[in-house]
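To keep things clear, I will list the structure first and then write my remarks on it.
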Amino acid sequence: MLELDTTIMTPAPVFETSGHVARFADWMVKDTKTGDVLRADHLVKNVLEARVAGDKEARGVAAQPKEDDKDKKKKKKTAKAAAVQLADEVVKEYESILAQLDNYSGPELGELCRKHAIKNPDTDNEVTEPVQFNLMFASSIGPTGQHPGFLRPETAQGHFLNFSRLLDFNNGRVPFASAQIGRSFRNEISPRAGLLRVREFTMAEIEHYVDPEDKRHERFADVRDTVLVLLDRHVQSEGSTEVKHMSVGEAVDKGIIANETLGYFIARIYQYLVKIGINPSRLRFRQHMANEMAHYATDCWDAEIHNSTGWTECVGCADRAAYDLSVHSKKTGHPLVVRQALKEPIVTEKEAAEFNKKVFGKTFKGDAATVQKIVESMDEPQLLKLKGELAQGSATITSEDGKEFTLTPEALTIERKTFKQSIREFTPNVIEPSFGLGRILYTLLEHSFWSREQDVERGVLSLPPLVAPTKVLIVPLSAREEFTPLVQEVSTKLRKAGVFSRVDDSNTSIGKRYARNDELGTPYGVTLDFASVQNRTMTLRSVPCFTGIPCSQFYPWVSSRILRSSICLFRFLIVFASQPSSSHLPLRPLMTMCVIATCEVSGNRHTSALYCRLSYLNGLLVLSSVRTEGRVLVVAFLFLNFVCDMFVMLTDRCAFPTDSERDTMDQRIGSIDDVIAVVTELVQSSIDWTEACRRLPAYDGVQAVE
Ligand SMILES: Nc1ncnc2c1ncn2[C@@H]1O[C@H](COP(=O)(O)OP(=O)(O)OP(=O)(O)O)[C@@H](O)[C@H]1O
């Protein structure tokens, strides 16, 4: 792959030729009273989605999440959902429109606004008919300002302008690819949602040039079995968003993905996104519908990632065919083609025109070149017709501006000739994966950031080591002088191993230091304690990774929760039943049980355990205050409470470990050199945490200094 870096400010003829001046546009509408500008498709989407959500709320399917004031400010243009129930057919129609929203043209969007009374959600005013708005920033180049230019809206055109040079570097052969990372600029109608829609953003684009007659990819076998979540154009045009899980091999075989090279890059995009930490269950590939496709594309798939704003396109992967190279070549007259030596020459017979230069020049004088051009641009049937007319004595041809010329057999002869072709000339097709780095980074941060159930203020960023800015945190337990040489030794050894580390020797507690670095996304931590000074050992800690509940643990976890909740209810009933009517403390055990039940169900086991013990005390208090005959019941309650406790302890064993447990459990110990070797391999991803645990024993807090 050849990397290039081309200019951002681009002369206008480049984008006139590529079609961007005429067609790189979005549809916008204006608020008829305030003049507020809205992107037409976004307006329809916001309003219809809000109506569908309002319908769900009215039916009691899902409550609308409450927006706090901050969010309200951010989502100024988001339509508010009124809890209004809609007719079933209307909901169906709205869902169908939303599924194929990207396929509507401007007039169709205008029609939708009228038909469904879609207004500006902020003002409730009508909106105008959609008009096209070109997304490029115009400027002028040079001191006189007479050369118009544009800030590039994509890096791709820079690749195409340099095609001949790139082809030379690749010895005139395809396939090969060029790559560029750089800023692009789009005058977005409504730039919102943080980094998701901005007017200036970083793109990483690959242009892969292939033979149009052979779009196989030599490494396709490596990715053939990669299973993807696909939302193809047929499903969308039926108004559905039902996805298919399918290997890329099968999708190419069935023609869902147009060709192997496109399929290869889609699979590689998937692998890349998952490798950097995007949650694969929130990633899908959506095919563009016919109207939605950019003017240059013949097939296009977007890698869409789900985040707090919904499904967002983060990478586009298009087959741009020969469009760009052909238009630039036509405009400049410079052939952007590949010349390939044929193994077997191709022999063909065809009609060929031969000009008698002397007579031709004398007859047509200044128009000779124009007449020759007209004849040369004729195809086989036209030449045959002309040949017939010449055989009759003369033929008349007309130029584009309507001028007539009479040709005679003296000036021009047409004969059938044999041609031997040993070179094949073709314009390569281009497959283009186009990454928006801001969108990828934003969704990655969203997918990686979480907080502990019992401490929502304490955030954790579970970044894979590959992308984490700091790979290892070195934490000396004390700021005492004897730690300094050790810290320096570990830091130097990690640097030599190519592992970027940082020392946190601040005065705060070790817990706070861990927490701070968990939030910064540092995946590993090594701790130097007093045992390190004495025995040269070091502990290794991995930042907990929130992957959701693994399937294998999901059912035991759910059943344990159900069991625990049932036990709470059971306890509650026992307490209730054991209340002697004369007791002056009837509410205390009752309230305690309610607190326990709430804690158990919400998973807050520390508080639950505390209240559990309190319930015994309550039982004893009740015991001392009731009549003799009521005591039997209270003793029975205490006994049953004890049995319940045993149950809870047992179910604790099969319960899904909480994050705090993973925090403290995931500590290993070893000699400084062993730990450095293991953490280096972890950072390089050549081993996983399981292998690290096999190599280093667990740290149980006992291997400390005597
Ligand atoms: N305004 C923007 N802000 C941030 N990233 C963007 C923006 N526009 C495009 N991108 C990124 O560039 C990539 C390739 O651009 P492409 O032209 O395919 O986007 P697009 O289809 O115009 O996007 P959209 O439909 O969201 O406007 C997108 O997948 C996206 O990640």
Exercise for the section: Tell me, please, whether a residue that is part of a strand (DSSP E or B), in contact with a Lys or Arg (Cβ under 8 Å, 6 or more places away or on another chain) and surrounded by fewer than 19 Cβ atoms within 10 Å (Cβ to Cβ) can be found in the range 453-472. Expected result: yes
Fill in the blank from the handout: Among the residues of the range 185-239, the number that are of a type in the set (Lys, Arg) and more than 9 Å from the ligand (Cβ to nearest atom) is 6
Practice task
Go through the range 398-424 and give me each residue that's over 25 Å from Glu349 (Cα atoms) and in contact with a strand residue (DSSP E or B) (Cβ under 8 Å, 6 or more places away or on another chain).
Solution key: Thr398, Ser399, Glu404, Phe405, Thr406
Handout entry: Residue that is farthest from Leu273 (Cα to Cα) [pool: residues in the range 296-321 that are away from the ligand (no atom under 13 Å from the Cβ) and part of a loop (DSSP other than H, G, I, E, B)]
Key = Thr298
Fill in the blank from the handout: Within the range 1-37, the count of residues that are among the aliphatic types (A, V, I, L, M), closer than 25 Å to Phe169 by Cα and in contact with a helix residue (DSSP H, G or I) (Cβ under 8 Å, 6 or more places away or on another chain) comes to 3
Exercise for the section: Looking only at the range 148-158, decide whether some residue is of a type in the set (Lys, Arg) and at pLDDT below 95. Expected result: no
Practice task
Take the residues in the range 152-165 that are open to solvent by less than 10 Å² (accessible area, probe 1.4 Å) and among the hydrophobic types (A, V, I, L, M, F, W, C), then tell me which one is farthest from the ligand (Cβ to nearest atom).
Solution key: Phe163
Problem - Counted residues, the range 489-536 - those being part of a loop (DSSP other than H, G, I, E, B), out of contact with any Leu (no Cβ under 7 Å at 6 or more places or on another chain) and either of a type in the set (D, E, K, R) or within 24 Å of Asp700 (Cβ to Cβ) (or both) - result: 3
Exercise for the section: State whether one or more residues within the range 425-436 are open to solvent by 80 Å² or more (accessible area, probe 1.4 Å) and more than 16 Å from the ligand (Cβ to nearest atom). Expected result: yes
Practice task
State whether the residues of the range 322-330 include one that is within 25 Å of Asp232 (Cα to Cα), open to solvent by 20 Å² or more (accessible area, probe 1.4 Å) and within 11 Å of the ligand (Cβ to nearest atom).
Solution key: no
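To keep it simple, each residue is scored yes or no on (1) among the small types (Gly, Ala, Ser); (2) farther than 19 Å from Leu461 by Cα; (3) modelled with pLDDT of 85 or more; (4) open to solvent by 60 Å² or more (accessible area, probe 1.4 Å).
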position	(1), (2), (3), (4)
Phe500	no, no, yes, yes
Asp504	no, no, yes, no
Asn517	no, no, yes, no
Pro523	no, no, yes, no
Ser532	yes, yes, yes, no
Asn535	no, yes, yes, yes
Gly548	yes, no, no, no
Pro556	no, yes, no, no
Practice task
Would you check if Glu415 is touching a His at 6+ places or on another chain (Cβ under 8 Å), in a strand (DSSP E or B) and not β-branched (Val, Ile, Thr)?
Solution key: no
Exercise for the section: Scan the range 350-393 residue by residue and report those that are assigned to a helix (DSSP H, G or I), open to solvent by less than 70 Å² (accessible area, probe 1.4 Å) and over 17 Å from Glu415 (Cβ atoms). Expected result: Gly361, Phe364, Asp367, Ala368, Thr370, Val371, Ile374
Completion exercise
The residue from Pro345, Pro335 that alone is more than 14 Å from the ligand (Cβ to nearest atom), part of a loop (DSSP other than H, G, I, E, B), open to solvent by 40 Å² or more (accessible area, probe 1.4 Å) and not aliphatic (A, V, I, L, M) is Pro335
Practice task
Return the residue satisfying two criteria in turn: it lies in the range 10-48 and is within 26 Å of the chain's Cα centre (by Cα) and away from the ligand (no atom under 16 Å from the Cβ), and of such residues it is surrounded by the fewest Cβ atoms within 10 Å (Cβ to Cβ).
Solution key: Leu48
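The values are calculated or read from the model by the stated rules, or taken from the named source; none is laboratory data. Please read all numbers here as calculations on a predicted model, not as lab measurements. When we count neighbours, we look across all protein chains shown, and the Cβ atoms used for this are built from the backbone with ideal geometry, even at glycine. To get the accessible areas, we keep the full protein, side chains included, count just its heavy atoms, and leave off ligands, DNA and RNA. Shrake-Rupley method; radii C 1.70, N 1.55, O 1.52, S 1.80 Å.
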